[in-house]
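Inspection log for the structure reproduced underneath, given as structure tokens.
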Amino acid sequence: QVQLVESGGGLVQAGGSLRLSCAASGGTFSLYGMGWFRQAPGKEREFVASINRSGGRTYYADSVKGRFTISRDSAKNTVYLQMNSLKPEDTAVYLCAVDRHGYARTWSGEYEYWGQGTQVTVSS
């Protein structure tokens, strides 16, 4: 029912920045918690950041805290991930996900819909 399309990934040098976008359709965006996850080759899917339906509560993985910022724009049905001071270990496919219950907690099993992902590659 809900479709998610990520964009904004690419190749960047260490220390650079990228801004990822996730556009949602087919549902009521204002009711959703939204999350960003990532998966690198040979590793498990990892929580990155999330924001609840009101935008008043956010969570960040320790590995990205202070460097990444999640935000949402209800008028555009879009969630963003601003990534600064990128490191090679940030290289992964980044996936956007929807928690229809609105809580946006860190466990991936609570998210019902997922995008296809966008590749972020950070060179040394």
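The values are calculated or read from the model by the stated rules, or taken from the named source; none is laboratory data. As the structure is a prediction and not an experimental result, all values here were calculated from the model. Glycine also receives a Cβ, built like all others from the backbone with ideal geometry; neighbour counts cover every protein chain displayed. Note: accessible area is taken over every heavy atom of the protein model, side chains too, but ligands, DNA and RNA are not part of it. Shrake-Rupley method; radii C 1.70, N 1.55, O 1.52, S 1.80 Å.
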*Would you point out which residue out of Gly55, Gly109 is surrounded by 15 or more Cβ atoms within 10 Å (Cβ to Cβ), without any contact (Cβ under 8 Å) to a residue 24 or more places away in the chain and not acidic (Asp, Glu)?*
Gly55
*Among the listed residues Leu31, Leu95, which satisfies the condition of being out of contact with any Ser or Thr (no Cβ under 7 Å at 6 or more places or on another chain) and farther than 17 Å from Glu6 by Cβ?*
Leu31
*In region 1-50, which residue that is within 19 Å of Arg105 (Cα to Cα) and among the small types (Gly, Ala, Ser) is modelled with the lowest pLDDT?*
Ser30
*Residues (polar (S, T, N, Q), on the phi < 0 side of the Ramachandran plot and open to solvent by 30 Å² or more (accessible area, probe 1.4 Å)) located in region 74-95*: Ser74, Gln82, Asn84, Thr91
*Within region 35-47, is there a residue that is more than 21 Å from Ser123 (Cβ to Cβ), of a type in the set (D, E, K, R), surrounded by fewer than 21 Cβ atoms within 10 Å (Cβ to Cβ) and touching a residue at least 60 places away in the same chain (Cβ under 8 Å)?*
yes
_I need the full set of residues from region 25-34 which are open to solvent by 60 Å² or more (accessible area, probe 1.4 Å) and either among the small types (Gly, Ala, Ser) or in contact (Cβ under 8 Å) with a residue 24 or more places away in the chain (or both), in order please._
Ser30, Leu31
*Please work out which one of (1) more than 13 Å from Val122 (Cβ to Cβ); (2) in a loop (DSSP other than H, G, I, E, B) is the condition Ser85 fails and give its number.*
(1)
*Just wondering, is there one or more residues in region 2-24 that are free of Cβ contacts under 8 Å to residues at least 60 places away in the same chain and at positive phi?*
no
*Return the residue satisfying two criteria in turn: it lies in region 14-24 and is farther than 14 Å from Leu86 by Cα and not aliphatic (A, V, I, L, M), and of such residues it is most open to solvent (accessible area, probe 1.4 Å).*
Ser21
*Checking Tyr60 against (1) among the aromatic types (Phe, Trp, Tyr); (2) under 19 Å from Gln3 (Cβ atoms); (3) open to solvent by 20 Å² or more (accessible area, probe 1.4 Å), which test does it fail?*
(2)
